[in-house]
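What follows draws every value from the coordinates through simple rules; no lab data is involved. Model, not experiment: these values are computed from the prediction. Cβ sites come from the backbone with ideal geometry, for glycine too, and all protein chains shown count toward neighbours.
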Amino acid sequence: MAEYKLTTPLTDADIEQLQAGDVVKLSGTIYTSRDAGHKRLFALLDEGKELPFNIKGALIYYVGPSPAPAGRPIGSAGPTTSYRMDSFAPRLHSLGLKGTIGKGKRDAGVKQALKDHTAAYFGATGGAGALLSQCIKEAEVIAFDDLGPEALRKLTVEDFPLLVINDCHGEELYAVPDRKAAGIE
């Protein structure tokens, strides 16, 4: 396992170097969206309209943050379970999305899209939303304000801690055996 410091937007070269299990400290701009927001993004695409952000090289964080306390740009911002967005991810990856951030496993269609479009799935630590929010320096609603916590936000992050769960080479952190228990180490 290696550790990388990456800055958005991400490139194919950024993604190709990553292996399942690597640690990434991400800085730059990421976007937030969940189920309802994804449905609206797809409606825009189906109508031939532009998305509210440039998807090429972008990452989407599956999060519905709590309200910002005084003096902070955002409240607790822990990941939501990713499988609910599995039906949306392949199309977004085909348009240039380089990564998604959440928790839990992804389905076979998402894993294939990561390989086909040189993208990755990153895990953020569930239950650590207050800690993760400390890495978020700015937060701005850019679309779908009526969705409240599920509105589409533009976040500026600094050294946001992530694990590579699924890489673009077909490897998955959750599928790696316990090497010591298996007698490999």
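Cut-off is 10 Å between beta-carbons; in what order do Met1, Met85 appear when sorted fewest neighbours first?
Details: Met1 11, Met85 21.
Least to most surrounded, the residues fall as Met1, Met85.
Here region 52-119 is treated with +1 on each Lys and Arg Cβ and -1 on each Asp and Glu Cβ, and its dipole about the Cα centre works out to around 100 debye.
With R₀ set to 41 Å, the beta-carbon distance separating Ser94 from Ala70 gives a calculated FRET efficiency near 0.50.
Bridging of Lys137 to lysines at a Cα separation below 21 Å is possible for Lys5, Lys25, Lys154, once same-chain residues fewer than 8 apart are set aside. Would you be so kind as to identify which of Leu51, Ala20, Pro9 lies farthest towards the positive end of the dipole of region 6-76, taking Lys and Arg as +1 and Asp and Glu as -1 on Cβ and the Cα centre as origin? Projecting each Cα onto the dipole axis, the largest value belongs to Leu51.
Between region 136-154 and region 55-132, what is the C-alpha centre distance in whole Å? Centre-to-centre distance over Cα atoms comes out at 14 Å.
Length gained on full extension, Ala175 to Val23, computed as 0.36 nm times the residue gap minus the Cα-Cα distance: 53.1 nm. Distant-in-sequence amide contacts of Lys137, defined by a placed amide H-H separation under 5 Å and a gap of 5 or more residues or a different chain, comprise Thr156, Val157, Glu158. For region 1-125, the Cβ-based charge dipole about the Cα centre amounts to some 340 debye (Lys, Arg positive; Asp, Glu negative; other atoms uncharged). Less than 20 Å from a label point 7 Å out along the Cα-to-Cβ axis of Asp12: which backbone N atoms in region 99-133 qualify, by residue? Answer for this model: 99-100, 111-121. If you model region 3-172 as an ellipsoid using its alpha carbon gyration tensor, with each semi-axis the square root of five times an eigenvalue, the axes come out at 22, 20, 14 Å, biggest first.
Using a ≥ b ≥ c from the Cα gyration tensor of region 1-41 (square roots of the eigenvalues), is it rounded, prolate or oblate, where a/c under 1.5 gives rounded and otherwise the larger of a/b and b/c decides, a/b for prolate? Prolate shape, in that a/c is at least 1.5 and a/b is the bigger ratio.
Listed by chain and number, the lysines whose C-alpha is less than 21 Å from the C-alpha of Lys111, apart from same-chain residues fewer than 8 away, are Lys39, Lys56, Lys98, Lys103. Judged by the mean number of other Cβ atoms found within 10 Å, the most tightly packed of the peptides 8-16, 88-96, 115-123 leads the ranking 115-123, 88-96, 8-16. Counting only residues at least eight positions apart within a chain, or on another chain, the aspartates and glutamates with an alpha carbon under 18 Å from that of Lys115 are Asp12, Asp14, Glu16, Asp22, Asp86, Asp107, Asp167, Glu171, Glu172. Choose one of Leu95, Gly75, Ala108: the residue whose Cα lies farthest towards the positive end of the charge dipole of the chain (beta-carbon charges +1 Lys, Arg; -1 Asp, Glu; about the Cα centre). Of the listed residues, the answer is Gly75. The gain in end-to-end length when the Asp35 to Tyr4 segment is fully stretched comes to 8.2 nm, 0.36 nm per residue minus the alpha carbon separation.
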